[in-house]
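Some notes on the structure that comes next.
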Amino acid sequence: MKYVFDYSWLAQYWPVFLKGLTITVELIAVGAVIGIALGILCAWIRSLGPQWLRPPVTLYVELIRNTPFLIQLFFIFFGLPSLGVQMSELQAANLAMIINLGAYSCEIIRAGIQATPRGQFEAGSSLAMSPFETFRHVVLVPSLQRIWPALTSQIIIVMLGSSVVSQIAAEDLTFAANFIQSRTFRAFEAYFVSTAIYLLLAILLRQLLVVTGRLIFPRRSVR
């Protein structure tokens, strides 16, 4: 049989895609900002922080990096209520993305810290800076500059991975595609449109992060 493509339903269902896109953008915005902040904190602890904090942070990083994101999401949304922790679909999705990106960005940022010349740490000490002040004022920005391309790629990977939050009924872009195909029975068209939106979103996000890197690190272009 010859398949006949039909996109006439777009006129009716474009608000559903728009809502899904809005929620997906919200998830990645919140997840990226807080997740990277968490990653910076964990990277500092693992590299330069108090010894007693390193084992629990290492456990957190290894646990998240070696378990599937979907299982983490299910544990937060379905498991935590057994302990009395209730949250909405979007709250669970946000928390899962923050925790996931925090663990992966921790290791990326830690690699940048370990590549810092020893002389920069000694320069901070010679200025009577505390270890945290040396990290904040001397080490952090050059470290982020080194690993910004890798961090950009990780943020995009997490953004694309956010498509699984539809499994807990979070109304993201994938949820919108599932909803539309269940109403129109035009699976190819619905998922083709959602794929195109994800592709465009990934390209725009990468360009935004490249521009952000150039603004933060003006002495060296970030590609």
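The values are calculated or read from the model by the stated rules, or taken from the named source; none is laboratory data. Fair warning: this is a prediction, and the values are worked out from it, not measured in the lab. A quick note on method: Cβ atoms are made from the backbone with ideal geometry, for glycine too, and the neighbour counts reach across all protein chains shown. For the accessible areas, the whole protein counts, side chains as well, though only heavy atoms, and no ligand, DNA or RNA atoms are used. Shrake-Rupley method; radii C 1.70, N 1.55, O 1.52, S 1.80 Å.
Annotations for the structure displayed:
- Loop-located chymotrypsin sites (Phe, Trp or Tyr not before Pro) in region 131-223 whose Cβ has at most 11 other Cβ within 10 Å (DSSP): Phe185
- Span-like helix ranges in the chain, DSSP H, alpha carbon extent 27 angstrom or more, Kyte mean at least -1.0: 10-47, 89-114, 140-161, 187-216
- Applying the Karplus relation 6.51 cos²θ - 1.76 cosθ + 1.60 with θ = phi - 60° to region 132-137 yields 3J(HN,Hα) values of 5, 5, 4, 4, 5, 9 Hz, where x marks Gly and Pro.
- The share of accessible area on the chain that comes from carbon and sulfur is 67 percent, using a 1.4 angstrom probe.
- Value of relative contact order over the chain, rounded to a whole percent, pairs C-alpha under 8 Å and six or more apart: 28 percent
- In loop segments of region 72-177 as defined by DSSP, there are no trypsin sites (Lys or Arg not before Pro) with at most 14 further C-beta atoms inside 10 Å of their C-beta.
- Only DSSP H runs of four or more residues enter the estimate; each adds -39500 (n - 2.57), and after division by the residues of the chain the mean residue ellipticity at 222 nm equals -24000 deg cm²/dmol.
- Label zone of Asp6 (point 7 Å out along Cα→Cβ, amide N under 14 Å): in region 149-182 this covers 181-182.
- Residue (of Gly102, Leu151, Gln167) at the positive-pole extreme of region 62-198, dipole from beta-carbon charges: Leu151
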